[in-house]
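The structure appears below as structure tokens.
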Amino acid sequence: MAKIKSLDDLRKIRESTSDLSSARTGQGTVVVVGMGTCGIAAGAREIMNSIMAELARRGITDVAVQTTGCIGMCEKEPLVDVIRDGSRVTYGPVTPGDVATIVAEHVVNGRVVDSLAIGRAD
Amino acid sequence: MQIYRSHILVCGGTGCVSGGSKDVIDEFQKELERRKLDKEVLVVHTGCHGMCELGPIVVVYPEGTFYCRVQKTDVAELVEEHIYKGRPVSRLMYAGSEEMPVVPHYKEIPFYSKQERIALANCGYINPDNIDEYIARRGYEGLGKVLSGMTPAQVIDEMKASGLRGRGGAGFPTGLKWSFCAASKGDKKYVICNADEGDPGAFMDRSILEGDPHCVIEGMMIGAYAMGADEGYIYCRAEYPLAIQRLKTAIAQAEEYGLLGQNIMGTDFSFTVHIKEGAGAFVCGEETALMASIEGRRGMPRPRPPFPANSGLWEKPSNINNVETWANVPRIMVNGAEWYSSMGTDKSKGTKVFALTGKVKHTGLVEVPMGITLREIIFDIGGGILDDKKFKAVQIGGPSGGCLTEDHLDAKVSYESLTALGAIMGSGGLVVMDETTCMVDVAKFFLTFVQKESCGKCPFCRIGTKRMLEILERITAGEGKMEDLDTLEQLALMVRTGSLCGLGQTAPNPVLTTLKYFRDEYVAHIKDKKCPAGACTALVKYSIDPAVCIGCTKCARNCPASCIAGEVKKPHVIDSEKCIRCGNCKEVCPVGAVSVE
């Protein structure tokens with residue numbers, strides 16, 4: 001381990017570990033993946049992995065990724081919800097190739113990806 | 001650092017470990033690996049969440065779902081349902097009351113909603129064995145701030161302005177205490193952490209050391225900088241093996257980062273810290289006895305002055321503070337004195353941690369702002385009395401404290417208000433008693449404790465407490481005389497004034513407060529030879545009401561002394577001569593035919 005020589009060193013460690021506090025406060029943007037039987041059968045695990053990989057690649061730590069059960073729109077699975085700025089947008093069916101777009105456009109920049117969105121709730 | 005989508009926090013405090021939380025952690029790890037989720041879900045062991053009665057506690061983030069009494073066998077279901085499918089398992093969630101059947105979120109639980117967690121901010125939230133988690137929560141930032149931009153005098157001024165007072169019990173202003181040691185001349189000074197928590201029922205300090213050891217170390221370092229010390233001792237009782245183990249890990253990690261050692265953060269400030277394991281003598285919580293014990297001598301108090309600030313450990317200027325006091329220091333430095341002093345009352349600022357135990361529904365560890373009422377602590381946070389019995393008294397401040405009654409429930413908790421009522425803040429033990437508790441018996445319990453723990457140096461404490469105890473034993477055996485009460489009061493005053501240290505000076509408090517607020521119970525024991533609460537076995541008599549008894553034989557079968565006779569379907573009779581007054585028959589009787597008087 002490198003020695004901590006200044007407040008800046010301390011800050012660097014804090015930034016690299018900020019995932020700890022963000023994952024444990026449950027605030028900010030939330031991405032929810034449908035993991036009912038229908039979602040899992042349609043490949044939701046793969047979507048989950050892509051989301052985790054994309055967030056890691058971008059170094060985003062203040063986004064909470066959650067799972068949820070079947071919402072009823074089984075034919076549109078895998079479903080991914082993005083909850084940001086107080087509104088919830090549902091995307092589906094999502095392919096691993098769509099994940100980068102959803103993260104870049106909606107999660108990071110707050111622009112809903114109209115071509116993939118199928119519903120919105122407040 | 002690897003990013004995880006979900007964090008499973010499993011309590012690793014002593015209470016939950018004895019409830020099996022280690023197995024739960026292992027099982028989570030196994031189950032997550034089996035489902036190949038171990039790369040996206042992190043399992044963390046944390047310090048005490050405070051709700052020890054419902055342990056083992058598991059909190060799943062980012063949702064913040066609070067699970068209680070989680071067993072190894074529940075883990076597979078939690079992983080499959082909550083982690084994999086996102087369906088929280090309601091059967092394991094905390095159920096508050098009938099009006100509120102399932103409360104899934106941490107923040108909504110009444111036990112936590114009135115709490116203000118500063119000293120306990122990280123307890124139950126971070127992994128105490130990982131310094132990075134502490135740093136993630138602004139750990140060592142207070143130290144960094146102090147070293148990079150504040151003079152020792154400014155640090156002491158900040159402490160004075162915060163209004164923090166000693167959390168070990170006496171409530172001496174911390175900033176003022178530091179200023180004495182800072183002003184004291186000497187080439188070598190020490191800071192000491194008093195972790196010799198000995199009050200029956202108190203476990204605040206243990207939980208802080210187990211759940212957030214770094215905050216205590218950081219607090220000591222800030223104090224050392226302010227007072228010009230370069231070496232510290234943590235005096236922790238050997239009965240706290242988990243706390244000692246976590247402290248050792250914390251010290252090793254801080255040393256690796258260069259946060260302990262020479263030229264910390266590139267400055268001239270150097271600091272090393274040692275752990276001294278105490279052998280569990282109550283008197284070693286007294287500062288001069290504690291220092292004698294560190295030096296390797298017998299733990300006995302000595303007269304003051306000279307005060308430790310002038311001549312302490314190895315006759316060098318020393319400053320000694322309690323665990324909770326040190327734990328508050330880093331937070332005050334990070335957030336400022338103004339923030340801290342905005343909480344609490346006029347003279348008692350900030351928060352206090354209490355160990356809530358006894359006949360209360362939710363026992364555990366709570367941190368509340370000063371100025372809260374005892375009623376709020378016991379009834380809102382603690383959920384009221386167990387089995388909805390009647391509240392009788394609350395013992396506050398351990399063996400040095402006193403018993404307060406129903407009339408005092410609305411008193412605001414502060415150093416001054418509790419002292420005015422005859423109790424003390426103490427280190428923060430709160431033992432709740434219901435109508436089945438005998439107050440004479442309680443006084444006897446605490447006096448037995450201090451009598452055993454008296455170091456024997458002062459005759460008043462050594463012999464006086466012994467004589468007082470003998471009187472109480474006589475009263476509870478039904479052999480008391482009315483003049484005993486006056487003798488008790490006289491002895492109490494003598495022990496109080498004739499003892500050198502806090503142990504003896506406060507030893508009579510439980511007797512004095514019970515005499516003051518529950519004198520009628522003493523009188524009943526002496527005059528009527530009866531124990532109104534039915535607790536003093538020598539004075540109670542069990543009998544079966546023949547009109548109510550259905551002759552089910554249950555009492556006879558459960559009597560360990562075989563002193564209940566009777567035929568099936570006919571009333572039974574207890575032989576009082578042989579009866580050992582264990583109360584089993586009363587417990588098991590399905591129709592309530594057994595009475596005690």
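The values are calculated or read from the model by the stated rules, or taken from the named source; none is laboratory data. Keep in mind it's a predicted model, so treat the numbers as computed, not measured. A quick note on method: Cβ atoms are made from the backbone with ideal geometry, for glycine too, and the neighbour counts reach across all protein chains shown.
Here are a few things to note about the model shown:
- None of A:Gly39, A:Gly28, A:Gly34 is at pLDDT 85 or above and closer than 19 Å to A:Val103 by Cα except A:Gly34.
- Selection count, the range A:71-89, where residues are touching a helix residue (DSSP H, G or I) at 6+ places or on another chain (Cβ under 8 Å), at pLDDT 85 or above and not aliphatic (A, V, I, L, M): 3
- Among the conditions (1) closer than 30 Å to B:Pro305 by Cβ; (2) surrounded by fewer than 18 Cβ atoms within 10 Å (Cβ to Cβ); (3) of a type outside the set (D, E, K, R), the only one that B:Ser499 does not satisfy is (2).
- Restricting A:Val89, A:Val82, A:Val94, A:Val103 to those that are farther than 30 Å from B:Met150 by Cβ, in contact (Cβ under 8 Å) with a residue 12 or more places away in the chain, more than 9 Å from every other protein chain (Cβ to nearest Cβ) and in contact with a His (Cβ under 6 Å, 6 or more places away or on another chain) reduces the list to A:Val82.
- Number of positions in the range B:484-532 that are under 30 Å from the mean Cα position of the chain (by Cα) and assigned to a helix (DSSP H, G or I): 27
- Out of B:Tyr134, B:Tyr125, one residue alone is at the interface with another protein chain (Cβ under 9 Å from one of its Cβ atoms), at pLDDT below 95 and surrounded by 23 or more Cβ atoms within 10 Å (Cβ to Cβ). It is B:Tyr125.
- Residue within the range A:51-62 that is more than 9 Å from chain B (Cβ to nearest Cβ), touching a helix residue (DSSP H, G or I) at 6+ places or on another chain (Cβ under 9 Å), modelled with pLDDT under 85 and within 22 Å of B:Lys39 (Cβ to Cβ) present: yes
- Matching residues in the range B:60-89 - criterion: being in a loop (DSSP other than H, G, I, E, B) and either closer than 22 Å to B:Gly19 by Cα or more than 7 Å from chain A (Cβ to nearest Cβ) (or both): B:Gly64, B:Cys68, B:Arg69, B:Val70, B:Gln71, B:Pro88, B:Val89
- Selection from the range B:411-451 of residues that are in a loop (DSSP other than H, G, I, E, B), farther than 15 Å from B:Ala507 by Cβ, in contact with a strand residue (DSSP E or B) (Cβ under 8 Å, 6 or more places away or on another chain) and not aliphatic (A, V, I, L, M): B:Ser414, B:Ser427, B:Gly428, B:Glu435, B:Thr437
- Test: A:Thr68 is touching a helix residue (DSSP H, G or I) at 6+ places or on another chain (Cβ under 6 Å), on the phi < 0 side of the Ramachandran plot, in contact (Cβ under 8 Å) with a residue 24 or more places away in the chain and facing chain B (nearest Cβ under 7 Å): no
- Inspection of the range B:114-121 finds no residue satisfying the criterion of being more than 30 Å from B:Leu92 (Cβ to Cβ), within 14 Å of chain A (Cβ to nearest Cβ), in contact (Cβ under 8 Å) with a residue 60 or more places away in the chain and not hydroxyl-bearing (Ser, Thr, Tyr).
- For the range B:313-321, the criterion of being touching a Phe, Trp or Tyr at 6+ places or on another chain (Cβ under 9 Å) and in a loop (DSSP other than H, G, I, E, B) is met by at least one residue.
- The lone exception for B:Ala254 - which of (1) within 19 Å of B:Trp326 (Cα to Cα); (2) free of Cβ contacts under 8 Å to residues at least 40 places away in the same chain it fails: (2)
- Residue check for B:Glu470: free of Cβ contacts under 8 Å to residues at least 24 places away in the same chain, among the acidic types (Asp, Glu) and not in a loop (DSSP other than H, G, I, E, B): yes
- Screening A:Ser21 against (1) at pLDDT below 85; (2) closer than 30 Å to B:Tyr134 by Cα; (3) out of contact with any helix residue (DSSP H, G or I) (no Cβ under 6 Å at 6 or more places or on another chain) leaves a single unmet condition, (3).
- Failed criterion for B:Glu33 (all others in (1) more than 14 Å from chain A (Cβ to nearest Cβ); (2) assigned to a helix (DSSP H, G or I); (3) buried (at least 20 other Cβ atoms within 10 Å of the Cβ) hold): (3)
- Selection of helices (runs of 4 or more DSSP H) fully inside the range B:143-247 by the criterion of at least 3 residues being among the β-branched types (Val, Ile, Thr), without any contact (Cβ under 8 Å) to a residue 12 or more places away in the chain and within 14 Å of chain A (Cβ to nearest Cβ) returns nothing.
- If you go through the range B:26-43 and pick out every residue that is out of contact with any His (no Cβ under 6 Å at 6 or more places or on another chain) and under 18 Å from B:Pro128 (Cα atoms), you end up with 2.
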